[in-house]
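J.: Shown below is the structure under consideration.
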Amino acid sequence: MAQLVQPLRSEEPFAVLNKLVREWCDRQCLEALSQVLPAYLSFNGLPDAWSRLFDALRNVRSLARYELTDEELKKVGNLIDLASQVIRRASDVAFVLNRHAVPVNPSLDSLLHAKFPATAV
């Protein structure tokens, strides 16, 4: 029997991240904090912010692994997966929107057949 996946509320990942940051502050996990705080504090929900958070969490996992408990590593891994999914979805949406947009750079063919105003010599 297939298990139903419960959707995450939007605040849940940040509640997890907030708790991790507080625990790292209490234990003075300076390497983990130095990696994640810039992305965490400047997070605004836009795709670039998700990318910065994704990179920061990957850096925490690789550079500050020695400071984290096994449970914290699992949480960081889950947050990395979530950020990756958000980035991928944002990229897919941008691709679909750009496919239907008017091209910014006209094609060579459209330039060859365009009617330009006559210039006085």
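Each value in this text was obtained by applying a stated rule to the coordinates, not by laboratory testing. Quick caveat, the model's predicted, so the values are computed rather than measured. All Cβ positions, glycine included, derive from the backbone under ideal geometry; neighbour counts span all protein chains shown.
J.: Work out, step by step, the length gained on full extension between LYS74 and ASN18: first 0.36 nm times the residue separation, then minus their alpha carbon distance; give nm to one decimal.
T.: 18.6 nm
J.: Between LEU37 and ARG65, 0.36 nm times their residue separation minus their Cα-Cα distance comes to what?
T.: So the extension gain works out to 8.5 nm.
J.: Net charge near LYS75: determine it from the other residues with C-beta under 12 Å of the C-beta of LYS75, scoring Lys and Arg +1 and Asp and Glu -1.
T.: So the surrounding residues net to -3.
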